[in-house]
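The structure appears below as structure tokens.
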Amino acid sequence: MELMGCGTALVTPFRRDGSVDEPALRALVLWQVESGIDFLVPCGTTGEASTLTEVEWLRAIEVVVAAAGGRVPVFAGCTHNSTHEAVARVQKLSQVHGLTGVLSANPYYNRPGQEGQYQHFRAIAEATELPVLLYNIPSRTGANLEPATVLRLAELKNVIGVKESSGNIAQITELLTTAPRSFKVFAGDDGLALPVMALGGAGLVSVASNVIPGQMARMVGAALENDWVDARRINRQFFRLMQAHFWEASPAPVKAVLHMLGRGEDVLRLPMVPVSDATRRRLERIVGELGMLVSVPSSGEDLRMF
């Protein structure tokens, strides 16, 4: 699979009563596709997958696949700290017509070593014909997937790449210089997208593209086309917003911004909570200064900039 470009780690919109807001999710997908995003990743970290029931998780993925309508690839989040449960879930995903592949993060909480992670991901890959993207995010899971282990997993026929969110540029560089050219390494942090692509990365799985899909798609596309002048220009313009999405635990800040843009309720599921008033004011200032509220339809709400 020739997967490249900017993918969006989609939020999961909730209604005020806490239920999944399917119309808002469909609208978000349509906006992403129309804005030029290259692929979609529902039910990952940003999608609060750990708070979804299995029924909700599977339904959200079905909604995204249907809304995307084959226009862009969809890689569904499928992470669990029990290998048996992860395998059972990936087998269910294999029955979702139109799904492109799966993305699976390190087993959380258990903190397995390299051999444990290898056997875990191998079991997932062998349980499906779908392409598999590994997802290394040690800050969330407590386990780091080292380059040597990634290279072992890359030998499996359907393990096509990794979303690297370790933030360790030396580790990412080692992987990029030793992995087969066909193996895709995606930046998992907006702020490190350009360095990773400069080293040979295939693109970015983005949080910021939930709220600025067109801009992030253009930045990644420019970098992949070696138009570093334009890529740096866009990065410079929106870097503060990229960083702001992690002022508090994600996805609370990006959901707050989406709410300011009239694209969903500012609702999360416990133990996640909305951002503090102080952070909200700082986010409002950045969004206002970027001119992102100009075309937002009036809803009667206070969308002050300061």
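Order E289, E2, most accessible first, counting only protein heavy atoms with a 1.4 angstrom probe.
The ordering from most to least exposed comes out as E2, E289.
Using θ = phi - 60° and the Karplus relation 6.51 cos²θ - 1.76 cosθ + 1.60, list the HN-Hα couplings for the range 273-288 in order, rounded to whole Hz, with x at every Gly or Pro.
Taking θ as phi minus 60°, the curve returns 9, x, 5, 5, 4, 5, 5, 4, 5, 5, 5, 4, 5, 5, 4, x Hz for the range 273-288.
For K92, which lysines qualify as cross-link partners when the Cα separation must be under 27 Å and same-chain residues fewer than eight apart are set aside?
Counting by Cα, and skipping residues close in sequence, K92 has these lysines nearby: K157, K163, K184.
Would you mind telling me which residue in L25, L241, L270 has the biggest mean-square fluctuation in a Gaussian network model of the chain, where springs connect alpha carbons within a distance under 10 angstrom?
Evaluated over the chain, the most mobile residue of the options is L270.
Would you kindly find the accessible area of S165, with a 1.4 Å probe and non-protein molecules such as ligands, DNA and RNA excluded, rounding to the nearest 10 Å²?
Here the residue's solvent-accessible area equals roughly 10 Å².
Please build a GNM for the chain, connecting alpha carbons under 10 Å apart, and tell me which residue among V74, V150, V55 fluctuates the most.
V55
With the dipole of the range 5-242 worked out from charges on the C-beta (+1 for Lys and Arg, -1 for Asp and Glu) around the Cα centre, which of V150, N235, L30 lies farthest toward the positive end?
Positive-most Cα among the choices belongs to N235.
Evaluate the distance, in nm, between pseudo-label points positioned 7 Å from the Cα of E289 and of E2 along their respective Cα→Cβ axes.
It works out to 4.1 nm between the two label points.
Please report the spacing between the Cα centers of the range 221-263 and the range 165-192 in Å, no decimals.
20
Could you work out how far helix 22-34 tilts from the main Cα principal axis of the chain, as a 0 to 90 degree angle to the nearest 10?
Tilt relative to the chain: about 80 degrees.
Using Cα pairs closer than 8 Å and at least 6 residues apart in sequence, work out the relative contact order for the range 43-98, in percent.
38
Just to be sure I understand the model, the point goes 7 Å from the Cα along the line to the Cβ. What's the resulting Q119 to Q243 distance in nm?
Placing both labels 7 Å along Cα→Cβ, they lie 4.3 nm apart.
Note the full-extension length gain between E85 and H97 as 0.36 nm times their separation in residues minus their Cα-Cα distance, in nm to one decimal.
Extra length from E85 to H97 when fully extended: 2.2 nm.
Looking only at V132, V267, V65, which one moves most when the chain is put into a Gaussian network model with springs between Cα atoms under 10 Å?
V267
So how do F239, F183 rank on accessible area, 1.4 Å probe, biggest first, that is with the largest at the start?
F239, F183
How much accessible surface does D277 have with a 1.4 Å probe, in Å² rounded to 10?
D277 exposes around 110 Å² with every protein chain in place.
Karplus couplings for the range 106-112 from phi (6.51 cos²θ - 1.76 cosθ + 1.60, θ = phi - 60°), rounded to Hz, Gly and Pro as x?
After applying 6.51 cos²θ - 1.76 cosθ + 1.60, I find 3, x, 7, 6, 5, 6, x Hz.
Can you list the residues, at least 5 places off or on another chain, whose amide H is less than 5 Å from the amide H of S206, using H built in the peptide plane?
G7, T8, A9
Applying the Karplus parametrisation 6.51 cos²θ - 1.76 cosθ + 1.60 with θ = phi - 60° to the phi angles of the range 240-246, what ³J(HN,Hα) value in whole Hz is obtained for each residue in order, glycine and proline being reported as x?
In residue order, the calculated couplings are 4, 5, 4, 5, 4, 5, 10 Hz.
Mind grabbing the accessible area of T149 for me, 1.4 Å probe, Å², rounded to tens?
Probe radius 1.4 Å; accessible area of T149 about 10 Å².
Solvent-accessible area per residue for the range 5-242 at a 1.4 Å probe radius, Å²?
Ligands and nucleic acids excluded, the figure is 40 Å² per residue.
Using label points projected 7 Å from each Cα along Cα→Cβ, tell me how many nm separate A170 and D227, to one decimal.
Result: 3.6 nm between the two label points.
Calculate what fraction, in whole %, of the accessible area of the range 5-242 sits on carbon and sulfur atoms when a 1.4 Å probe is rolled over the protein chains.
About 50 percent, which is the carbon plus sulfur part of the accessible surface.
The values are calculated or read from the model by the stated rules, or taken from the named source; none is laboratory data. Just so it is clear, the structure is predicted and the values come from calculations on it, not from any experiment. Glycine also receives a Cβ, built like all others from the backbone with ideal geometry; neighbour counts cover every protein chain displayed. Just the protein is used for accessible areas: all its heavy atoms, side chains included, with ligands, DNA and RNA removed. Shrake-Rupley method; radii C 1.70, N 1.55, O 1.52, S 1.80 Å.
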